[in-house]
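Working notes, structure below.
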Amino acid sequence: MIEREITPHLRHRFSQYPIVTVTGPRQSGKTTLCRSTFPDLPYANLEAFDVREFAEADPRRFLAQFPDGAVLDEVQNVPFCPTCRSTSPRLLSYLQVVDEERRNGLFVLTGSEQLGLTNTISQSLAGRTALLRLLPFSLAERRLAGAPDGIEEVLYSGCYPRIHDEALDPTLALSEYCTTYVERDARRIGGISNVAAFRRFLRLCAGRVGQLVNLSNLGADAGVAHTTARGWLNVLEAMDVVFRLEPYHANIRKRLTKSPKLYFVDVGLASYLNGIQSPDQLITHPLRGPLFENAAVLEAVKHAYNQGRPPYLSFLRTAGGLECDLLHERGDGLVAIEIKSGATVNSAWFAGLRRIARTVPRVATTVLVYGGAERQVRGDCPAVPLGDFAPLLDSITKSPLPPVAVEDQSPPGVDL
């Protein structure tokens, strides 16, 4: 078992708040993280029927078992939503009083669904809880777990911890994940009854990684109304199956796209849903580029969450054809990031970055992430392999942005 990158931030927040809440997708390692970080805390799994029934029926007595705190796993299983029709008392309401003695470091809550959970916890436990998000392994964590780090292996097997901790067959494990968690939870929290259409919709989403979300086309191809497609996509995002990257918004003169781009929280799941059954298929697969982009974007998302902060990420696309795969926002400027799956650095890749640097006023530096194995520098722009992307983000986050040199000194904004 490896120590997760978020562990020191979890310990620090636990020392500052009476409650820490860790959310994230199923099988991302939340339970293992919390129990290994706080081995002396009692543990209660609210997915177990008898434990859940006790917590619902008599939350005061349930919490009285843990005068010095506990890890309460899968807390979303106990009714908590203000619109819930259940007459059961709400466990979170009773957790509000845990800081009466002004003690920090009492309860650790975990939850696998974001559909109302984060907002409700923020409202019910305002000022009493810190919120952290745990996603599947980063590439560095995956490597520490002994998984191969070749590009095709990463795209094929993804980053769910259990696959690598137990050396499972990715195709079989991801098939079971879809049946056991994705479809079951979608039916439960989304009220989805047409399972066949939902499966088709899920595969269509996987075939559109890295593309702009078009609900009308998605719904038409899945055989459902665009309103149904919107609802299903919201459910998948609430379950941390998919992630929508929002477009960059700034006060610039030309029209920007308003649609988000679609990615999967685990690239291995996207590969499985696209019918990929071995790493070798990804060498020439038509979706290799979008899947590589998916892996890079989620590596940036994980880097932010593993540092205990939200990701400030977006992309840029204009009607005039100007594109940037990823914009990483800092207080002192933007980092423009281009993502290419090719293994050989092509000088043409830097042309778009130079154009971005001279037309988007806040861009302070540029980065290229590519599918090769060596770190290079062209001019003042580093080109880094996928496995070195997170360390580069780490240095970017912790140090001032170096100014980027551009060849064309056109006034900002004229090329948009």
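The values are calculated or read from the model by the stated rules, or taken from the named source; none is laboratory data. The shown structure was predicted, so the numbers you read here are calculated from the model rather than taken from an experiment. Counting neighbours? That spans all protein chains shown, and the Cβs are built from the backbone with ideal geometry, glycine included. Surface areas here come from the heavy atoms of the whole protein model, side chains and all, with no ligands, DNA or RNA. Shrake-Rupley method; radii C 1.70, N 1.55, O 1.52, S 1.80 Å.
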For the stretch 162-270, the spread of Cα positions along each principal axis, largest first, Å: 52, 32, 22
ASP40-HIS12 pseudo-label distance in nm [points 7 Å out on the Cα-to-Cβ vector]: 2.2 nm
Residues whose placed amide H lies under 5 Å from that of GLY69, excluding near-sequence neighbours: none
Low-density loop cleavage sites - chymotrypsin sites (Phe, Trp or Tyr not before Pro) in the stretch 268-348, where at most 15 other Cβ are within 10 Å (DSSP): TYR312
Dipole-positive endmost among PHE54, HIS226, ILE283 within the chain (Cβ charges, Cα centre): HIS226
Accessible carbon and sulfur surface of the chain relative to its total accessible area, %, 1.4 Å: 48 percent
Residues of the chain: accessible area per residue with a 1.4 Å probe, Å²: 43 Å²
Mean shadow area of the chain over all directions, Cα convex hull, nm²: 21.1 nm²
Residues ASN104 and ALA319, FRET efficiency given R0 of 35 Å [Cβ-Cβ distance, rounded to 0.05]: 0.10
Inter-part distance where the stretch 351-398 and the stretch 178-200 are each reduced to a Cα centre, Å: 39 Å
Label-point gap, in nm, between ARG375 and SER259 - each point 7 angstrom along Cα→Cβ: 3.7 nm
Directionally averaged projected area (convex hull, Cα atoms, the stretch 236-324), nm²: 7.3 nm²
Separation in nanometres of the label points that stand 7 Å from Cα toward Cβ, at ALA145 and ASP68: 3.2 nm
